[in-house]
Structure formats: structure tokens, C-alpha cells
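Have a look at the structure below, then the notes.
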Amino acid sequence: MLRELTPDDQQTILDFAYQREIENMFVIGSFEFSPNPFEFNTYLGYFEHDTLVGLGVYFGRWNDITLNAESTEVINAFVDEFVKQNRPVKYVVAFKRHALPTIERLKVHGIVPEKISEQTLNLLTQENFNDCSTGAEVQGTADDIDAIIRLGNIMEGRDADKPVTENERARISPACEWLLKQEGEIIAKANIHGISQHYAQIGGVMTHPAHQGKGYAKQTVSAICRHWFDQGKQLTLFVNNDNIPAIKAYARLGFQPIDKYIHAEYP
């Protein structure tokens, strides 16, 4: 049986998510980062004999579908329900074994990805950590939000000076950003976009094109790792399989590959 979950189901969602903690970092993080994630996100549960066996989440701020179920039948049911609800799809992000059937079911509805990136999930433990931070890295504040968005626009090939929207600002949690600045301008950054009991997940790693090749990404990532190791977490991050410089950089920090991931983007 499939039904939409409510705030009364929060513990049921988290109990399921923690059975596969690393697979469900975004789901767990949605409760860590927001006092009311149901305001923006839609959570679907699939039950067999009153036991939750599959979880489907639509992240409303990103138009992102993330599904976790071992059965293709359950994944199909989630996709069909989100399509029925007229949820616009911009991204599908999940471990490869969950993402591929999600993408195939969306195709049945005429929803075809524009781009699919194959990624690898990497794990860093404290005993393997090679710290490249220098102390120059700083934690973000509310005053940095617009500059963080502008750097993202530059990296995506968009107009750096286009007006920043409130929806874009709402996506940024400045305290989760670590920045490297030069003459007051952000030249490199990385952030945490998932937190659970045992892990913190790194994302949003970028260096301004004019400053690439100088090790700044390793600095900002190292600063995040140092902070979260102090909180008792291990660190995970995703890297595109064709991004050889990033793969080498993360390997030098001590990250090791552990699983396969898919990031699909839709028009």
C-alpha cells in the first residue's frame, strides 16, 4: 500500500532511512536542516503488512526525486504517484540501483533526462585523512549568501550579475559553507548538504575559474573534514567519474570509493 506520509510519520521515516544510513543522507538531512521539512517536501511510503519497505521523496526546493526501495514495482508506484501529483522533475539523484529504474519509469511518462552523470560515492575516515587546510578557510555567514550564489552562476556558465531570487537564497545554509576568500571575494567553497548520526556529506565544491589548479578545493574540503571529524562524523562525497582531477585530489585527501551513484538532470 502506498500513502503520503505526514509529520506524524517522521520517526517511521527516520527509522527506515537509518537502516541504510549512507543511502538516505539527503532524507535524513532534510530533517536536520529544516524544522518543518513537510512544508517543502513530499514523502511517500510503501507498506507491506504495516511495515515500511520503500521511501520516495520529492524535494520541493529542487524539484528532485530520490527513491529508495529494493523492488522495481515499488519504485514504479512512487514515480507514478509523483507524476499523478504533477510534480515537475528537474533532478533524479540516487544510488545507481535505485536511480536507473526511476529514470526508466519516468520515460514511460514521456519524461526523458537531458543529461545523466555517473558518479562514485567516496568515504573518508579520520585515520586516512591528509589535511590540506591552512587556517585561511572561514565558515560562511548570512552576508555571504549572494556571493555564494554568484560563484555558482559563474561555474554553471550563467550571468554572474543576474538578480538573486529569494528561492535561491532559501537553498543556502551559510553555516554549512566553508569559504576561501581573496580580497573579500569568494574564490573557492564547499559545503555540507547532508548530516546523519555517523556521517556528514560534502557537496558544492567549486573554485572560481581564475583560481583553479592551486589546491584551493583541497583546502576548503579539508576545513570541512576537520570540523566534522571533531563532531564525531565520517565524511562522504560524490565525484563525477569523468572528473579525473577531482578524483585524484580527493584520493590525496584520503577518500576511498565505496558505491555507484547517478545524477540525472531534466530540461
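Below is a table of values for the structure above.
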read-out: Residues of region 164-223 that turn out to be under 17 Å from the mean Cα position of the chain (by Cα) and at positive phi, as a count; value: 1
read-out: Wholly within region 1-98, strands (runs of 3 or more DSSP E) carrying at least 1 residues that are at pLDDT 95 or above and basic (Lys, Arg); value: 2-4
read-out: Scan of region 152-193 for residues that are in a helix (DSSP H, G or I), over 21 Å from CYS225 (Cβ atoms) and of a type outside the set (Asp, Glu), ordered by number; value: GLY152, ASN153, ILE154, MET155, ASN167, ARG169, ALA170
read-out: Filter result for the condition that a residue is under 26 Å from TYR199 (Cα atoms) and among the charged types (D, E, K, R), over LYS90, LYS96; value: LYS96
read-out: Residues that are assigned to a loop (DSSP other than H, G, I, E, B) and touching a residue at least 24 places away in the same chain (Cβ under 8 Å), drawn from region 121-141; value: THR125, PHE129, ASN130, ASP131, CYS132, SER133, THR134, ALA136, GLU137, GLY140, THR141
read-out: Selection status of THR125, closer than 30 Å to ALA264 by Cα, buried (at least 18 other Cβ atoms within 10 Å of the Cβ) and of a type in the set (S, T, N, Q); value: no
read-out: Residue within region 62-77 that is closer than 21 Å to GLY203 by Cα, exposed (fewer than 14 other Cβ atoms within 10 Å of the Cβ), assigned by TED's automatic domain parsing to the domain that holds LYS107 and in contact with a Phe, Trp or Tyr (Cβ under 7 Å, 6 or more places away or on another chain) present; value: yes
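Residue-by-condition table, conditions (1) closer than 29 Å to ILE258 by Cα; (2) in the same structural domain as MET25 (by TED's automatic domain parsing); (3) in contact (Cβ under 8 Å) with a residue 60 or more places away in the chain:
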position	(1), (2), (3)
PRO163	no, no, no
ARG171	yes, no, yes
LYS189	yes, no, no
VAL205	yes, no, no
LYS218	yes, no, yes
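The values are calculated or read from the model by the stated rules, or taken from the named source; none is laboratory data. Predicted model, so just to flag it, every value in this text is computed and none were measured. Cβ coordinates were reconstructed from backbone atoms using ideal geometry, including for glycine residues, and neighbour counts include every protein chain displayed.
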